[in-house]
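Chemist: The structure's right below; bear with me while I get my questions together.
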Amino acid sequence: MAKMIYNLPTTRALLDRLETDIALRRICGWERKNDVPDEWTFSRAFAEFSESRLPERVHEAFIKKSYEGELVGHNSRDATAIEAREKPLKKESVEKVALKRGRPKQGEKRVKPLTRIEKQTGGMSLPDMIDDLPKACDVGTKKNSKGYKVSWTGYKLHFDVADGGIPISVILTSASTHDSQVAIPLAKMSSERVINLYDVMDSAYDVPQIHEISRQLGHVPLIDVNPRRDQALKKEITAENKRCHLVGHKTAKAIRYNERSTVERVNARLKDEFGGRVVRVRGHAKVMCHLMFGVLALTANQILILAT
């Protein structure tokens, strides 16, 4: 936790800090310099933490206790790139089976394989959904704010964030995983921890099944329209917003949708202040453990800021 709070890049940097910072050393439980363990002991302990998913379980208990009996207004959902120092997994070339052209013959049944989202809405349990997501290190590509494509090697961290910048649920996947494939597991996970009214997402989550699951959970989905899926609806919403702007008003959906910037600020804080940009470990379990210690520190810090 101290490593995340002070945004220290390596365990060696933490040990150097413990040698000079008496207060920090005592908070961590060591009275003298000689009491501080060697670097390999820290590494072994971290491996145990990652195997037992310690920070994930602590964060879940922290959120459930903090939001017991509370109502969350907006749950904002997004994902951010996590760069890792490991080789990406080589994708095996799979030969595509050509589908038969034309109409099927009488009595012939053609079974189309289910997509991951269709499987998730077909009755999968939450653990099965999470296990089904790709977790290996690979290469991801997305468009930045200026419209240019950028690529990175590593993972993608998916967030559900409550009002006030409090992370509710977090899932780590391969970098190439599309945001929409993690929306339903995140929604199920968050619904077990908090009660919220609105689910706020960008156009990457504009999928009918995600809208439906949000409503089934008792939420109101506020999802930006993907113009590639519904150009006519996008034009209609844009025209409505322009009419409201001319008379000096905004639609209620537009005002609430602005709350989505909360999750973007959380992504930035995790990377800039709590170790999200200095991932030195390898493997999904250890990377997740490293990031969750940062998420846990960020959560506690943000709750203290709101309380004071």
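The values are calculated or read from the model by the stated rules, or taken from the named source; none is laboratory data. This structure is a prediction, so every number in the text was calculated from the model and none was measured. Note: ideal-geometry Cβ built from the backbone for every residue, glycine included; neighbour counts use all protein chains shown.
Chemist: What do you reckon, is PRO208 out of contact with any Gly (no Cβ under 8 Å at 6 or more places or on another chain), under 20 Å from ILE166 (Cα atoms) and surrounded by fewer than 20 Cβ atoms within 10 Å (Cβ to Cβ)?
Modeler: It is false that PRO208 is out of contact with any Gly (no Cβ under 8 Å at 6 or more places or on another chain), under 20 Å from ILE166 (Cα atoms) and surrounded by fewer than 20 Cβ atoms within 10 Å (Cβ to Cβ).
Chemist: For GLU31, are the conditions met, namely being under 28 Å from LYS188 (Cβ atoms) and loosely packed, with under 12 Cβ neighbours inside 10 Å? Let's see the steps before the verdict.
Modeler: On the way: under 28 Å from LYS188 (Cβ atoms): no; loosely packed, with under 12 Cβ neighbours inside 10 Å: yes.
Against the criterion (under 28 Å from LYS188 (Cβ atoms) and loosely packed, with under 12 Cβ neighbours inside 10 Å), GLU31 does not qualify.
Chemist: From ALA183, ALA175, grab the single residue that is buried (at least 22 other Cβ atoms within 10 Å of the Cβ), in contact (Cβ under 8 Å) with a residue 40 or more places away in the chain, hydrophobic (A, V, I, L, M, F, W, C) and touching a Gly at 6+ places or on another chain (Cβ under 7 Å). Steps first, answer last, please.
Modeler: On the way: ALA183 fails: touching a Gly at 6+ places or on another chain (Cβ under 7 Å).
Just one listed residue meets the conditions, ALA175.
Chemist: I've got another one for you. Does region 14-24 contain any residue that is assigned to a helix (DSSP H, G or I), hydroxyl-bearing (Ser, Thr, Tyr) and closer than 30 Å to HIS219 by Cα?
Modeler: Start the filter on region 14-24 by keeping residues that are assigned to a helix (DSSP H, G or I), which leaves 14-20, 22-24.
Those left that are additionally hydroxyl-bearing (Ser, Thr, Tyr): 20.
Checking the rest, the ones that are also closer than 30 Å to HIS219 by Cα come to none.
Scanning region 14-24 turns up no residue that is assigned to a helix (DSSP H, G or I), hydroxyl-bearing (Ser, Thr, Tyr) and closer than 30 Å to HIS219 by Cα.
Chemist: Another one. Can you run down the residue pairs with Cβ atoms below 7 Å, 6 or more apart or on separate chains, where the first is in region 201-212 and among the small types (Gly, Ala, Ser) and the partner is assigned to a helix (DSSP H, G or I)?
Modeler: Going by the 7 Å Cβ cut-off, the qualifying pairs are ALA204/SER180.
Chemist: Quick one: count up the residues across region 142-156 that are part of a strand (DSSP E or B) and either more than 14 Å from ALA175 (Cβ to Cβ) or of a type in the set (Asp, Glu) (or both).
Modeler: 1
Chemist: Determine whether region 59-75 contains at least one residue that is among the charged types (D, E, K, R) and surrounded by 15 or more Cβ atoms within 10 Å (Cβ to Cβ). Reasoning before the result, please.
Modeler: Going residue by residue through region 59-75, those that are among the charged types (D, E, K, R) are 60, 64-65, 68, 70.
So of that shortlist, the ones also surrounded by 15 or more Cβ atoms within 10 Å (Cβ to Cβ) come out as 60.
So far as region 59-75 goes, yes, one or more of its residues are among the charged types (D, E, K, R) and surrounded by 15 or more Cβ atoms within 10 Å (Cβ to Cβ).
Chemist: Of the residues LYS146, LYS91, which single one is loosely packed, with under 11 Cβ neighbours inside 10 Å, touching a residue at least 24 places away in the same chain (Cβ under 8 Å) and not aliphatic (A, V, I, L, M)?
Modeler: Values: LYS146 fails: touching a residue at least 24 places away in the same chain (Cβ under 8 Å).
Just a single option satisfies the conditions, and that option is LYS91.
Chemist: Sort out which residues of region 1-13 are part of a helix (DSSP H, G or I) and in contact (Cβ under 8 Å) with a residue 12 or more places away in the chain, and write them in order of number. Working first, answer last.
Modeler: Pass one, region 1-13, residues part of a helix (DSSP H, G or I): 2-5, 11-13.
If the condition is that a residue be part of a helix (DSSP H, G or I) and in contact (Cβ under 8 Å) with a residue 12 or more places away in the chain, then ALA2, LYS3, MET4, ILE5, THR11, ARG12 are the ones that fit.
Chemist: Oh, and also: For region 116-134, state whether one or more residues are closer than 18 Å to HIS290 by Cβ and either without any contact (Cβ under 8 Å) to a residue 24 or more places away in the chain or in contact with a helix residue (DSSP H, G or I) (Cβ under 6 Å, 6 or more places away or on another chain) (or both). Full working, then the answer.
Modeler: Looking only at region 116-134, we keep the residues that are closer than 18 Å to HIS290 by Cβ, and these are none.
Within region 116-134 (the criterion being closer than 18 Å to HIS290 by Cβ and either without any contact (Cβ under 8 Å) to a residue 24 or more places away in the chain or in contact with a helix residue (DSSP H, G or I) (Cβ under 6 Å, 6 or more places away or on another chain) (or both)), the answer is no, since none of the residues qualifies.
Chemist: Looking at ALA2, ALA84 in this structure, which one is among the small types (Gly, Ala, Ser) and under 30 Å from ASN144 (Cα atoms)?
Modeler: Values: ALA2 fails: under 30 Å from ASN144 (Cα atoms).
That would be ALA84, the only listed residue that is among the small types (Gly, Ala, Ser) and under 30 Å from ASN144 (Cα atoms).
Chemist: State whether one or more residues within region 22-44 are within 22 Å of GLU273 (Cα to Cα) and without any contact (Cβ under 8 Å) to a residue 12 or more places away in the chain.
Modeler: Yes: one or more hits.
Chemist: Which of the helices (runs of 4 or more DSSP H) found entirely inside region 192-308 contain at least 2 residues meeting this: hydrophobic (A, V, I, L, M, F, W, C), at pLDDT 95 or above and touching a Lys or Arg at 6+ places or on another chain (Cβ under 8 Å)?
Modeler: 284-307
Chemist: Here are LEU15, LEU8, LEU24: which of them is hydrophobic (A, V, I, L, M, F, W, C), touching an Asp or Glu at 6+ places or on another chain (Cβ under 7 Å) and under 29 Å from GLY283 (Cβ atoms)? Don't jump to the end; show me each part of the working.
Modeler: Values: LEU8 fails: touching an Asp or Glu at 6+ places or on another chain (Cβ under 7 Å); LEU24 fails: touching an Asp or Glu at 6+ places or on another chain (Cβ under 7 Å).
Every option except LEU15 fails the conditions.
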